[in-house]
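Quick note: the coordinates plus some simple rules give every number you see, no bench work behind them. Remember, it's a predicted structure, so these values are computed and weren't measured experimentally. All Cβ positions, glycine included, derive from the backbone under ideal geometry; neighbour counts span all protein chains shown.
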Amino acid sequence: MYSKTLLDISSRITPADRHVHLVHRFLVPRNTRQLRIDFAYSPKLLQDEARQNTLVRQAVDRYMEPELREVAYTDPDYLVLQNLLTVSLDDPAGFRGAAHRANKEQIIIVSESTATPGFLAGPLPAGLWELTVSLHEVVTDKCQFELQVQAAETEGADGL
Amino acid sequence: MTIRWVACELHTHTVHSDASHTLDEMATAARELELDWIALTDHNTVSGWAFKEQVEAKRGIGILSGLEWTTFYGHMLTLGANVLHHADWRFTGPDDIDEGIAGIHKSGGLAGIAHPFRIGSPICTGCYWEFTIGKWKALDYIEVWNGPSPHMKAFNQRAYLFWTELLNRGLRIPAVSGRDWHHSLLSSEATLAVTYLGVHEEAAAGYAGGGAALESAVQDPRKGVSEPQLLEAIRLGAVSVTQGPLLKLYARETGREENRTFGIGEVARVDPSAGSRLSLTVEADFEVRKRQWSLEGQELKLCLVGSAGIVAEWIVPPVSAAFKTCSDMTGQRWIRAELYGTMNGQAGLLAFTNCIYVEEGSLTL
């Protein structure tokens, strides 16, 4: 069904990259009927307990008032640190959607008539589109993401 | 002039970002909660808006278009317009928020800080407000109560104090609540706050009271109120926030031939040298959304608070009543009402109004 791969990239990121936006500009060919984006990253959770405790301690000290800190250091709600990467999509005219959600594996479909929640259905104009990976949080030493964009052509388009 | 108070939930999410419910499921739950309007504020997207009118008609509730600008340095709620073309959070650094807010305004939207003191990164990235604001006056509102049982949370208490500080610095900024609604599961102790927005009755066209109101609500999910009217109410600070009874506040001029009345969000100008003074009335309406909460069997504390301290205090039973005072208002730059009590075993601030601002002196021309 998907006849063309428009983007296929694998990136390794580290905590130094947190709060970075990685913009992938790619060409959507004429007669594209549907786009499929596969996005996956790993790991999701920070397993290193010592590191987790340190990071929570730093956040609590930075954001909370002194009298509340002692309890907060061991708050079970806080002690589940995770990486958060989100994707957003822009066509040549502007915003086409965003997936602000925690899932570490996502498939996003955009076509003229339907779109995955978070994205706008509508015509898929040919030209340079952008897929942005926003690195909201990177707490593990290393994190790897895979990003692939595939296009399905309008039926009969290749037959001229 | 009569004000109609519209029960609103101003901060919600759906499957279009990271919540578990659809707009239709949330609207159904919102009707159960006796809300009149909900704002759809998904993280960084407007794709959920496509279902707005369909859900409004099906569930009989108004839906206000919004989104939550979910950035690395702070979360900002926007209401009333698709702001993404003029205000792209991905291009907004920690020192660029004034431009971001200007872009939101250029789009025709309102900008409000969400949960300014919720713990931030890496526990909740961007949840703590870290943008540097140059023009505070440009901000349209601040969410001082976030989440269920808002009065019990330290980060909300801090936000409320911060709002008070801003008011004392002379900033006339409205304060609202937002459930930050992601799913409908709630513990039995949890209480929910509602933001009432005051709309002028004559502006709320074609809406009859009483039995006819119910009938027209079925026909008109927006209950005769438009999105621009609700935005205007926030802009003006015609706002009353509560987990139970609705508080209304009026200031009436006395000692003049034509005494004016000022409502929540308005500026009351008094001229003591010309004999003009203010009399303040707080009304507590215990008939609103009655199935949702109970304060029976306790005495509540109702206060009028101003920039220069407490203006008046009453210990009151949990029934609808009006309370009036002609206290000395010298030095008060703003006045608001607050109600304290215990709801579901959790004691604290249960409701507050936005301010009536006070200016002394004659308007010399």
For B:Leu278, distant residues with modelled amide H under 5 Å away: B:Thr254
Phi to ³J(HN,Hα) by Karplus 6.51 cos²θ - 1.76 cosθ + 1.60 over the stretch B:223-229, Hz, x for Gly, Pro: 6, x, 10, 9, 4, x, 5
Degrees separating the helix B:154-168 axis from the principal Cα axis of chain B, which is the longest one: 50
Inter-probe distance in nm under a simple model that places probes 7 Å from Cα toward Cβ, at A:Arg33 and A:Arg51: 4.6
Potential extension, B:Ala154-B:Gln298 segment - 0.36 nm per residue separation minus Cα distance: 49.4 nm
Angle in degrees between helix A:49-63 and the longest Cα principal axis of chain A, rounded to the nearest 10: 80
Trypsin sites (Lys or Arg not before Pro) within the stretch A:90-160: DSSP coil, no more than 13 neighbouring Cβ in 10 Å: A:Lys142
Computed FRET value (nearest 0.05) for B:Thr325 with B:Ala347, which takes r as the C-beta separation and R₀ as 22 Å: 0.35
Note, ³J(HN,Hα) from phi for the stretch B:22-35, Karplus 6.51, -1.76, 1.60, rounded to Hz, x at Gly and Pro: 7, 4, 4, 5, 5, 5, 4, 5, 5, 5, 4, 7, 6, 8
Label point 7 Å beyond Cα of B:Trp314 along Cβ direction - residues of the stretch B:224-260 with amide nitrogen under 19 Å: B:240-254
Long-range HN-HN contacts of A:Glu153 with modeled amide H, under 5 Å: A:Ser3, A:Arg33
From phi via Karplus (6.51, -1.76, 1.60), per-residue ³J(HN,Hα) for the stretch B:100-115 in Hz, x at Gly/Pro: x, 5, 4, x, 5, 5, 4, 6, x, x, 9, 10, x, 6, 8, 4
DSSP beta bridge pairing in the stretch B:1-80, given as percent antiparallel to the nearest 5: 40
